[in-house]
Structures are given as C-alpha cells and as structure tokens.
Amino acid sequence: MSIAQLRPNMDHWEERVDLAAAFRWTARLNFHEAVANHFSLAINDDGTKFLMNRNQVHFSRIRASELLEIDANNPETLKGPDAPDPTAWGLHGGIHRHCAHARCVMHVHSIHATVLASLKDSNLPPIDQNCATFYNRYVIDESYGGLAFEDEGERCAQLLCDPKKKVMIMGNHGVLVIGDSVADTFNRLYYFERAAETYIRALQTGQPLRVLPDDIAEKTAQELEDYPGQGDRHLAELKAILDDEGSNYAS
C-alpha cells in the first residue's frame, strides 16, 4: 500500500512523513541519543509554528501522525500531552523564532560530531570532499552554558544569523544542522557526521594531514551546494527502503 493510500486527514502530511523517515534513519545510523534529541520542521511562513517529536519517544518508533505541532510563541504548548521537554522548547523554539531561514532543525549527539565538538579546536579542516562540503559553512559555539533551556536556546539562535552557515558545532555538546527542508537538512546532517568521522580517524593515525587549499575547498563546497537534487533523492531512497520493509513510519 502506498503512502498516499495511507494518508489520514491531517495537515502537512507529506512533511510529517519526511520527518518521520528522517527520525527512523537517524536511529538506524546510531546518530540518536536514547530518547533525547529533537528534530523540528517549520510549517508557517515565519517559522514560528513547527512539527516536532513527542517527549521521550525513541526515534525508531516515531510515526508521522504522532508528531506534535508546536507554536514557538505560545509557552502553553508545553502543557499539552507528550509536549517536548523544556530543552527542546528552548533550543528549537529559539531558533525558529529568530531564524526564519532555518526551516528544518536537527540536533543530535552523534559520536564523531560530538568528538569534534569536544576538541579544543573544533574546526573541521577540508581534508577530503565531504569535509570540504562544510568549508566556511559552519559556526562553532564556544560558550556552552548547560542544558538548552530557553535562555540557552536564545543564545544559540544568535549564532545562526548568517544563512550561509547551516551547521553549528555545539562545543561540549553535539551538532545542530539547519536547512530548507527535511531532505536538505538530513542530507547535511548525514554528510557532516561522515566528514567528522573522516577527520577524527585521520587524527588517530598521527600522520600529517593533507589539507586542501582554500580556493579548492571553496570551489568544492560551492559545487556541492549547486549539485541538483541530491538531498531529495537521498531521502526518497531511504523512504523507499522503509516502505519495502513494511515500516509504519508513514502512518
């Protein structure tokens, strides 16, 4: 049975399905953190209303119909059933209030990105094509202030004011990735973790690194930004695999 045949009478259904698929695949890749971490997707023009996972539900069990609709300007939302925890509200609400260009926000504590965020120098040098993808396109948060309650979320939002920089390496914490859609953001999250893994493993050899020249790194990053449809195709293939396996993510 196709996703279209399963579609219930709910607003933003295709967006819900995409987000649920991203949760499921994130769990499969072991990028998740038990029942913590959150993804969100804006569903109005200014981004202040967004979809988000329910509190304390494992990514591998998230379904499209169970995603919450959150209003970043209405704290009463937190009193609803299965409302996200205060740190999810603080971090994602702050970003959606202040960064309309952040249509989708994904925050995880994936292993290699978190190792990178734990180094004194958390820069990601362009040592291969994946690393070059992020050349001059990330920001490092050097001022971790504890759990991401509302004040911390507001502070983090200020670091994402440049639309070109779509990855925040959250020092002593993890990584936060933004994008134009679920597909765009998940693709970026996937490749950032791969890039961080390459860099961390290269450091483990103890050998000198072969770093790309600045002009080639920027050229590569721009070429990849302009590469047509990769994120959409990536997510479409993941959904096709889930469908073939009989997953209930799109229900």
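Read the figures in this text as sums done on the coordinates, not as results from a lab. All values derive from a computational prediction rather than experimental measurement. In this analysis, Cβ positions are derived from the backbone assuming ideal geometry, glycine residues included, and neighbour counts consider all displayed protein chains.
If you go through the stretch 230-251 and keep only what is outside any loop (DSSP other than H, G, I, E, B) and of a type outside the set (Asp, Glu), you end up with GLN230, GLY231, ARG233, HIS234, LEU235, ALA236, LEU238, LYS239, ALA240, ILE241, LEU242. Restricting attention to the stretch 201-229, and to residues there that are in contact with a helix residue (DSSP H, G or I) (Cβ under 7 Å, 6 or more places away or on another chain) and not in a helix (DSSP H, G or I), which single residue is surrounded by the fewest Cβ atoms within 10 Å (Cβ to Cβ)? Ranking the candidates gives LEU209 first. Counting the residues of the stretch 151-180 that are small (Gly, Ala, Ser), crowded, with 18+ Cβ neighbours inside 10 Å and not in a strand (DSSP E or B) gives 2. The single condition among (1) acidic (Asp, Glu); (2) more than 30 Å from LEU78 (Cα to Cα); (3) touching a Lys or Arg at 6+ places or on another chain (Cβ under 8 Å) that ASP180 does not meet is (2). From the list ALA202, ALA183, ALA217, ALA221, the lone residue that is closer than 30 Å to PRO84 by Cα and of a type outside the set (S, T, N, Q) is ALA183. Within the stretch 46-61, restricting attention to residues that are touching a strand residue (DSSP E or B) at 6+ places or on another chain (Cβ under 9 Å) and farther than 26 Å from LEU159 by Cβ, the residue that is surrounded by the most Cβ atoms within 10 Å (Cβ to Cβ) is ARG54. Put simply, of LEU160, LEU212, LEU189, LEU176 the only residue that is closer than 16 Å to ALA102 by Cβ and in contact with a Ser or Thr (Cβ under 8 Å, 6 or more places away or on another chain) is LEU189.
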